[in-house]
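Student: The structure follows.
Please treat every number below as a calculation from the coordinates, not as lab data. Remember, it's a predicted structure, so these values are computed and weren't measured experimentally. All Cβ positions, glycine included, derive from the backbone under ideal geometry; neighbour counts span all protein chains shown.
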Amino acid sequence: MLYRQAGIRHRRYAAERQLWPLTFDRMLVGAVALFLLAAPFTLDRLYVSGYLLPWLLWSSAALGLNLLMGGAGQIHLGYGAVMAIGAYSSVHLVRNGVPFELALILSGSMSAAIGIIFGAAALRVKGLYLAMSTLAMQYIVDFTISHAPGISGGTQASLQVPRVSVLGIPVTGEVAPYYVALALCAIVTLFMLNVGRTSFGRALAAIREKDYAAEIIGVSTFKYKLLAFWTSSFIGGAVGAVLAVCYLRIVTPDQFHLDLSIQLVAMVIVGGLGSVLGSFFGAALILFAPIFFNHAIGMLAAGLGLSISTDLRSHIPLMLYGGLIILFLLVEPLGLAKMYDNVRKYFLVWPFRHVRK
Amino acid sequence: MHIDRRTFLAGGSALLIGQVPLPARAQDKLIKFGAPQDFTKVYTFVTAEYSQGQRDYITLFNERGGIKGFKVHLDVIDHGNDLPRAIEAFERYKREGYVLVDPLSTPMARGLVTRALEDKINMVTTLSGRSDAADGTAFPYVMPLSPNYWSQAALIIDFFQKQDKDLKGKKIVLVHIDTPFGREPIPIYQALAQKLGYEFQAFPYTPPGNDQSAIWPQVRRARPDWVIFWGAGVGQTVALNEAIRNGLPLDRMSSSVWLSESDMEVVGKDATKGVLKFEAAAGGREPKVIQDILKEVVAKGKGAGPEGKVGTSYYNIGVMMGAIQIEGLRKAFEKAPDGPYTGPWLNEGLRSITNFTADGLLPPITTTKQDHQGGGRGRIARWDGSKFVAQSDWGSAYEDVVWAEIRKYSEEFKKSGK
Amino acid sequence: MDLILLGELAINGVLVGLMYGLIALGIVLVYKTSGLANLAQGALAMAGGYVTVALATLAGLPMWAAVVAALAVMFVCGMLIERVMLRRMIGQPVIMIIMLTLGLEIFLRGVGPGIFGSAVKPLDLGIRQAPIIVGDILINRAYLIGGAISALLIMATIALFNSRLGVRMRAVSDDQTASWSVGIRVERTIAIAWGLAAALATAAGILWGSVQGVDWSLSLLLMKALAISILGGLDSIAGVLLAAVIVGVAESLATGILDPLVGGGTRDIVASVIIVMTLLVRPYGLFGREHIERV
């Protein structure tokens, strides 16, 4: 049904290598794109700036991290710090009159330049050790930001983001920030979809599978590990910049703490390591599950007239959230992307289940 | 995982059922207040009790018939000190016509300042948030409605001075958590040090303060005349423990407002005898409002939490804030009885509270369009082994120094958004 | 800067470091036997603290009985965690294990305060508050006892590795397949390691709980424990002992010397800097075994 393969015959290599060979997949992507484009005009403001905007931004960040974790197999527990560098660079640049378009690129480069130091650790260690060193660097960056008044903004430690304009359009209200985030997300997504088909992406995959083996077949692990950190940090920095300008609008050091890093890692893993689609699913689940559980428990308690203590009522969502992460890892380690894939495969051959292996 | 027809159907129907909208609650004749607060992350030490007090007071108000046929609906939800969740709540409140939010968290309050100012929703920053938000001209929609940290610091120093007659040549030490919240009072202590001639020294400890073992030996060796410990939750209990172990005299130690009966219980009720703290509202069950709540709310089984918590310091602060918010509402109704019932409408009321004491629970609070702090009055109380006993009358101190500081930062905010 | 103050800071640093080491011990124990990352150790300490408080106050047990019972309960919990969760994750990449244990941490952080209430809970071991004064140096009684118990437990664990069970654990950590083939029950050995880790976490939770009270912030002890285990080498128990002392003293002295210069609490940064420096200079720690990789 739906995902019909019948009748699709490729006559050129280019046609066979396209991103979505199936008509239905293309239509689905088109429909989602159309929905996202039309959202500010069809949906309520709450859904646009309260849900879609953060979702797009967090998905972009998860994509950037996924390049490193899924693509190159390097663990990074300090991605929040990378985003903080981008956010703070862009805010300071914009406050000093640099146009936002330029500030975006500069803050991406700034993050990349510092992010590559995280990468230096990856040259020496891997696995749990790498996780620990990135974690430690997260703390060091946090400390530096909050203890340098020049960066964090003095005693109050908060910096308001001035109004900026992109390509001559002022980024104010709900619509413009949303489109900026959407544009960034689209660029990052297209990059991630295509990176696997480049020599860069294949080199990363070789390193992911076994770095020593990659070195032996002529892939420079030194170069590509650093490049992976560079690229991923650049994306992180750019997302951090847009996050500050379009969503946070006032930056304080605690917005980029370890919690953010762990949230992002959870998004990548629950979504599916290395999967572009998974990053979107993962971001949605991790961002909105606590909110959803909170509302659901609240409604249940109110609806059924349950008298449970405030402490228990407010901690049940936390338990469910932690439990959900555990459950996903146990039931489907390949993540939400794999679950979607299962559904898709089911329909691919429906109703002839027997042909499915 | 392997998907067959049965799991697919089950999953699909579960999704469908999830889509069925739950019946919406009745929404007519309600003034809506939002209380997204941190029940699960950093502010756990205060939120449960604060929220209980706030809800009990609002229940009392509603039970008594509300005002002009309107009742107050207080939406309590956990934001877990996570900004996206606080922003989601804020956006939802904005859509559903809420007129007030009370995030009770300094980072969230800071993160929401821009939105509150732009969307004209009153944000109450109870004993938290930016101290310079007391300047109503710079922050029209940010309402501390309680003594900020600078006023607290000034009052504590004032109390020390009254005890010692003269602070010249004395040494005052501040042991504080190393966050913006902990660093905030330092300018006031420095400014007052110049004025009064005492020596000031600050010792920061890393948040959340569960290990201060290396700080207190230094404090002891500094031989301070007075010690102020400035933290929250676990940092406070550890500070007290360490002070006792280092043999510092507890009756010459004072905390900011964030010290409660449960902290004293952790350290030991008798061991902590003599500790001082700043008080923004009277503690205990004696105040008339608390008695009313006990009679009209708790006795009828409508209390929001365990009865044993009624009358604790943080509970009473919750009651205090509920009462001030409701008083602002009354004033708003006085000014414009027919609404429209929006953020700016309530703002007018919240900014014109005069000499409100909630039947003796709090010092008289008077807000104006300039002063959102309400006068910055409070008092110092001492732990006597079972409760905090007031040591001074309600009052304020060095408000000129405090306001010089407030203006300095609010001007900066107006100018550069820092 | 007078030397006596430094001496006092150093002594208290040693004791506090040893108490951190107790948490690091669980991480090392699990990593050594199974090669799994255990980032839930801090949350397990918190859970242990809560269980002890619950047994002492709700069930009304005397403190010593509550401690013993809590250790037993948490030992079983640790084994259950291994059986239900980690055994199913065999063969998954290390990041999955890290995430799983982080998920467990979030879960435990909901369960403890959710059931027992989020206010800080007192846990009184009956240690007197009065300080011990030697010359001009003051030694903190709570830390002295805590550090001594920790050191004893760390030594006991070293001794354990020479017992019959310890030999099995060492075999498992060397080569799981080979251990299987000589009849060692690898799963059970790993489960026991988790049980022991949870029990050690409980001991740490109780000691720290008596110092600071029991609440969610006990789970933050993880970071210090990680610094210790990395510095000592993730697969060296003896390394924990030395690294604990080094980290404790370094942190304590940094607070005394660096804080006034920087104007901020440098304590947390010391742990992070130690991790980074260790990884750059000697990636496998002071006593860790270098892992040789073959293609």
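Student: From the cross-link list B:Lys269/B:Lys300; B:Lys29/B:Lys309; B:Lys369/B:Lys418; B:Lys120/B:Lys302; B:Lys32/B:Lys387; B:Lys195/B:Lys273, which pairs have alpha carbons spaced over 25 Å apart?
Tutor: B:Lys269/B:Lys300; B:Lys29/B:Lys309; B:Lys120/B:Lys302; B:Lys32/B:Lys387; B:Lys195/B:Lys273
Student: Which residue, C:Ala156, C:Ala37, C:Ala227, has the most motion in a Gaussian network model of chain C that connects Cα atoms within less than 10 Å?
Tutor: C:Ala156
Student: Quick one: Cα centre-to-centre distance for the range A:144-204 and the range B:286-329, in angstrom?
Tutor: What the calculation gives is 46 Å, centre to centre.
Student: Additional query: At 0.890 mPa s and 25 °C, plugging the Kirkwood radius over alpha-carbon pairs of the range A:220-333 into Stokes-Einstein gives what diffusion coefficient in µm²/s?
Tutor: Details: Rh = 16.7 Å.
Answer, rounded: 147 µm²/s.
Student: Pairing the Cα long axis of helix B:83-95 with the longest principal axis of chain B, what angle in degrees results, from 0 to 90 and rounded to the nearest 10?
Tutor: 50
Student: Quick test of the membrane-span-like rule: which DSSP H helices of chain C reach at least 24 Å along their long axis (C-alpha atoms) with mean Kyte hydropathy at least -1.0? If you can, show how the numbers build up before the last one.
Tutor: Values: long enough: C:3-34 (44 Å, 1.80); C:63-84 (30 Å, 1.99); C:94-116 (33 Å, 1.90); C:141-160 (28 Å, 1.80); C:186-212 (38 Å, 1.15); C:237-262 (35 Å, 1.97).
Long hydrophobic helices here: C:3-34, C:63-84, C:94-116, C:141-160, C:186-212, C:237-262.
Student: What number does the range A:9-140 give for Rg over Rh if you use C-alpha atoms and the Kirkwood radius?
Tutor: Values: Rg = 19.5 Å, Rh = 18.0 Å.
When Rh is taken as the Kirkwood radius, the ratio is 1.08.
Student: Shifting gears a bit: Using DSSP to define loop residues, name the trypsin sites (Lys or Arg not before Pro) in the range C:115-207 whose beta-carbon has at most 12 other beta-carbon atoms within 10 Å.
Tutor: C:Arg128
Student: If you don't mind, there's one more thing I want to ask. Return the sequence-ordered ³J(HN,Hα) values of the range B:194-204 in whole Hz as given by the Karplus equation 6.51 cos²θ - 1.76 cosθ + 1.60 applied to θ = phi - 60°, using x for Gly and Pro.
Tutor: Once θ is set to phi - 60°, the couplings for the range B:194-204 become 5, 6, 9, x, 8, 9, 10, 9, 10, 10, x Hz.
Student: For the range A:51-65, in order, what is each residue's ³J(HN,Hα) by Karplus, 6.51 cos²θ - 1.76 cosθ + 1.60 with θ = phi - 60°, in whole Hz (x at glycine and Pro)?
Tutor: 10, 5, 4, x, 4, 4, 5, 5, 5, 4, 4, 4, 5, x, 6
Student: Tally Lys/Arg at +1 and Asp/Glu at -1 over every other residue whose Cβ is under 11 Å from the Cβ of A:His10; what's the total?
Tutor: Every neighbour counted, the sum reads +3.
Student: What are the ³J(HN,Hα) values, in whole Hz, obtained from phi via the Karplus relation 6.51 cos²θ - 1.76 cosθ + 1.60 with θ = phi - 60°, for each residue of the range B:244-258 in sequence order, with x given for Gly and Pro?
Tutor: 4, 5, 8, x, 7, x, 5, 6, 10, 10, 9, 10, 6, 5, 7
Student: Throw me the Rg/Rh for the protein assembly as shown, computed over C-alpha atoms with Kirkwood Rh, two decimals.
Tutor: Over the Cα atoms of the protein assembly as shown, Rg/Rh equals 0.96.
Student: Can you show me the helix-derived [θ] at 222 nm for chain A, built from DSSP H runs with n ≥ 4 at -39,500 (n - 2.57) apiece and divided by the number of residues, rounded to the nearest 500. Display every interim value, and only then the final one.
Tutor: Details: 15 runs with 242 residues, N = 357.
Taking each H run of at least 4 residues, the total per residue is -22500 deg cm²/dmol.
Student: OK, next. Over the range B:88-242, what portion of Cα pair distances is larger than 18 Å, expressed as a whole percent? List each step's numbers first, then the result.
Tutor: Numbers: 7484 of 11935 pairs.
Cα-Cα pairs of the range B:88-242 separated by over 18 Å account for 63 percent.
Student: Can I ask one more? Stokes-Einstein D for chain B at 25 °C, 0.890 mPa s, Kirkwood Rh over Cα pairs, in µm²/s?
Tutor: For the chosen part, D equals 110 µm²/s.
Student: What is the local net charge at C:Val240, summed over the other residues whose Cβ is closer than 15 Å to its Cβ (Lys, Arg +1; Asp, Glu -1)?
Tutor: Local charge sum for C:Val240: +2.
Student: Could I ask something else about it? Over the range A:23-348, with a single point scatterer placed on each C-alpha, what log10 of the ratio I(q)/I(0) does the Debye formula yield at q = 0.14 1/Å?
Tutor: With one equal scatterer per Cα and no solvent, log10 I(q)/I(0) is -1.17.
Student: Angle, helix B:5-19 long axis vs. longest principal axis of chain B, Cα atoms, 0 to 90°, nearest 10?
Tutor: 70
Student: Would you pull out the residues with amide H under 5 Å of B:Phe229's amide H, same chain only if 5 or more places away, H placed 1.01 Å from N?
Tutor: Those qualifying (amide H under 5 Å, at least 5 residues apart or on another chain) are B:Val175, B:Ser254, B:Ser255, B:Ser256.
Student: Quick check on chain C: what does the Kirkwood estimate of hydrodynamic radius come out to from the alpha carbon pairs, in Å?
Tutor: After inverting the pairwise mean of 1/r, the radius is 19.6 Å.
Student: Taking a threshold of 22 Å on the Cα-Cα distance, which of the pairs B:Lys171/B:Lys408; B:Lys335/B:Lys415; B:Lys68/B:Lys331; B:Lys41/C:Lys224 fall above it? Write out the running numbers ahead of the final one.
Tutor: Details: B:Lys171/B:Lys408 27 Å; B:Lys335/B:Lys415 32 Å; B:Lys68/B:Lys331 12 Å; B:Lys41/C:Lys224 20 Å.
From B:Lys171/B:Lys408; B:Lys335/B:Lys415; B:Lys68/B:Lys331; B:Lys41/C:Lys224, over 22 Å: B:Lys171/B:Lys408; B:Lys335/B:Lys415.
Student: Of all DSSP beta bridges in the protein assembly as shown, what percent run antiparallel (nearest 5)?
Tutor: Expressed as a percentage, antiparallel bridges in the protein assembly as shown total about 40.
Student: Still on this model: Along each of its three principal axes, how wide is the spread of alpha-carbon positions in the range C:1-93, in whole angstrom units, largest first?
Tutor: 56, 43, 16
Student: Please list the equivalent ellipsoid semi-axes of the range C:97-187, computed as the square roots of five times the alpha-carbon gyration tensor eigenvalues, in descending order and whole angstrom.
Tutor: Calculated on Cα positions only, the semi-axes equal 38, 26, 11 Å.
Student: Return the Rg/Rh value of the range A:85-212, two decimal places, where both radii are evaluated on C-alpha atoms and Rh is the Kirkwood radius.
Tutor: Across the range A:85-212, the Cα-based Rg/Rh ratio is 1.04.
Student: Something else: Taking neighbour Cβ counts within 10 Å as the exposure measure, how do C:Asp235, C:Asp268 sort from fewest upward?
Tutor: Fewest-to-most Cβ neighbours within 10 Å comes out as C:Asp235, C:Asp268.
Student: Which value results when the Cα radius of gyration for the range B:336-407 is divided by 2.2 N^0.38 Å?
Tutor: Relative to the rule-of-thumb radius for its length, the range B:336-407 sits at 1.44.
Student: So for the pair B:Gln201, C:His291, with labels modelled 7 Å out along Cα→Cβ, what separation do we get in nm?
Tutor: 4.7
Student: Here is a further query. For peptide B:259-270, compute the average count of partner chain beta-carbon atoms within 10 Å of each residue's beta-carbon.
Tutor: The mean count of partner-chain Cβ atoms within 10 Å per residue comes to 3.
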